[in-house]
Amino acid sequence: MCRNIRQLHNFDPPASEEEIDDAALQFVRKISGSNKPSKANTEAFNLAVEEVAASTRKLLDSLVTNAPPKNREEEAEKRRAKFEARFAA
């Protein structure tokens, strides 16, 4: 859906509040089609971000897995390599 939204589940350390809030903001921006809402829509936009973040926290807190936690640096390196392969000269 949106390349800027990253997987947040099963990392050590767990996703931070900032990461959850950033993902919620990106999601709302994507579905609303607006990076910055008009004054008339600011309240609805901000409420949507808060609700998506709360739902995300609830989801992440309830998910279980037997897989070992992922390493953030390794996953970031995989993304960089994939990006470079895709957009290399």
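The values are calculated or read from the model by the stated rules, or taken from the named source; none is laboratory data. What you see is a predicted model, and the numbers here were worked out from it, not measured in a lab. Virtual Cβ from ideal backbone geometry, glycine too; neighbours counted across all protein chains shown. Ligands, DNA and RNA are excluded from the accessible area calculation, which covers all protein heavy atoms including side chains. Shrake-Rupley method; radii C 1.70, N 1.55, O 1.52, S 1.80 Å.
So which of R57, R79, R72 is out of contact with any Leu (no Cβ under 8 Å at 6 or more places or on another chain), open to solvent by 90 Å² or more (accessible area, probe 1.4 Å) and within 15 Å of R6 (Cα to Cα)? Within the list R57, R79, R72, the selection yields R79. Would you say F45 is open to solvent by less than 70 Å² (accessible area, probe 1.4 Å) and touching a strand residue (DSSP E or B) at 6+ places or on another chain (Cβ under 6 Å)? Considered against the rule, which asks whether it is open to solvent by less than 70 Å² (accessible area, probe 1.4 Å) and touching a strand residue (DSSP E or B) at 6+ places or on another chain (Cβ under 6 Å), F45 comes out as no.
If the requirement is being among the charged types (D, E, K, R) and modelled with pLDDT under 95, which of these qualifies: K39, K82, K58?
Only one candidate passes the filter, namely K82.
Applying the criterion of being within 20 Å of A76 (Cα to Cα) and β-branched (V, I, T) to the residues of segment 5-42, the residue that is least open to solvent (accessible area, probe 1.4 Å) is I20.
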